[in-house]
Amino acid sequence: MQQVAPGVHQLTIQRFVNLYFVETGTPGEWVLVDTGLPGSKQAIIEAADKLFYPGTHPEAIILTHGHMDHAGSAQALSEHWNVPVLAHPLELPFLTGKAVYPPADPTVEGGGSLAFVSRFFPPQSFHLSNVQALPENDVDPPFLPDWQWYHVPGHAPGQVALFREKDRTLLGGDAFATANHESVPSLLLQRPCISVAGAPFNYDWQQVRDSVRQLAELQPQAIGCGHGPVITGLEATMGLQRLADEFPLPLYGRYAYTPARLDENGVAHLPVAPPDQFPKKLIAVAGAGLLAVGLTFLFDKKKKKAKRVKPESPTHKTPKKFRRQSASTWE
């Protein structure tokens, strides 16, 4: 567990997904921000008991957004602690099973290894029974009077970031990342680097860029995101500003020029997906591999058969006198 700032601790689940224990300001009270992947319940409970006291529970669970790596254990933890789950109103259709997030874009430029594995991700949607909407007319999140929430869409329609003005602490969700999100090794090794988050899942790139610029204007001095290590000081402030100034809009991909349109009911429009050459390449490579294996098998089979065949031995011997005669004939 790593401290982001006073009263804020980052827990990393399965080496690349972060969630946060945020103290409310009242002794012993706290809020959980995000819940990691499905199956993370026990690890989170044990971490909370160690950080606070055995049997502790949060006042609420706040989700930055509803993707599987952020809301995966929300239902299990909400039931265990008997506390509400809070999220932006635009996330509710996806958290209650009424809608499914826009499909990932494995063809996006710069998607890296995350784009490759995104082909195999299941459709993302949950059926939470105890989820409530954050009040849109109040930017102060419940139970966190020193904090404000900011709507930062583009990666998810109702994604929010949390900011504490007094010490400029920012919890950015997946508005950006503090490690190279497109490189699995960089994520696993937790190499600090402020960069674009979740490129294959960004359905509106203009909104993603605007969200990064909005958060950069806050000039944070301590940053914790959904993926990557804690970054503090000038590295945090200047790194986020650099990303805002040099934001790399992709040149190609499903959502590069035409975003998906979403509303309070879910997905209203999806742009046509460009051809994905990977399946064809995979089929070609697999076909060539099977052909090579087949030819090798046939060659080995013929080789073994040839070894089993013995040369026939002569059935009779030529008498010596005929051999001598034959020899003398040739002399």
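The values are calculated or read from the model by the stated rules, or taken from the named source; none is laboratory data. Everything quoted here is computed from the prediction, not taken from an experiment. Cβ: placed from backbone, ideal geometry, glycine included. Neighbour counts: every protein chain shown. Accessible surface areas use protein heavy atoms only, side chains included; no ligands, DNA or RNA. Shrake-Rupley method; radii C 1.70, N 1.55, O 1.52, S 1.80 Å.
Kindly identify segment 118-177 as rounded, prolate or oblate by the Cα gyration tensor criterion: order the square roots of the eigenvalues as a ≥ b ≥ c, call it rounded if a/c is under 1.5, otherwise compare a/b with b/c, prolate if a/b is larger, else oblate.
Here segment 118-177 falls in the oblate category.
For labels at Q2 and K50 in the simple 7 Å Cα→Cβ model, what's the distance in nm?
Distance between label points: 1.6 nm.
Dipole of segment 5-96, Cα-centred, from +1 at each Lys and Arg C-beta and -1 at each Asp and Glu C-beta, to the nearest 20 debye?
200
What is the spread of the Cα atoms of segment 101-209 along each of their three principal axes, largest first, in whole Å?
On the principal axes, segment 101-209 reaches 41, 33, 26 Å in Cα extent.
Run through segment 116-182 and list the chymotrypsin sites (Phe, Trp or Tyr not before Pro) located in a DSSP loop whose Cβ has at most 12 other Cβ atoms within 10 Å.
F120
Compute the FRET efficiency between N82 and E235 as 1/(1 + (r/R0)^6), taking r as their Cβ-Cβ distance and R0 = 45 Å, and round to the nearest 0.05.
Between N82 and E235 the formula returns 0.65.
Which trypsin sites (Lys or Arg not before Pro) in segment 1-97 pass both tests, a DSSP loop state and at most 11 other beta-carbon atoms within 10 Å?
For trypsin sites (Lys or Arg not before Pro) across segment 1-97 that sit outside H, G, I, E and B with at most 11 neighbouring Cβ atoms in 10 Å, the list reads R15.
What is the percent carbon and sulfur in the accessible area of segment 36-79, measuring with a 1.4 Å probe over the protein chains and ignoring ligands?
54
Where q = 0.17, 0.20 Å⁻¹, what log10 of I(q)/I(0) comes from the Debye formula for segment 1-100, counting one point per Cα?
Taking Cα atoms of segment 1-100 as identical point scatterers yields -0.71, -0.97.
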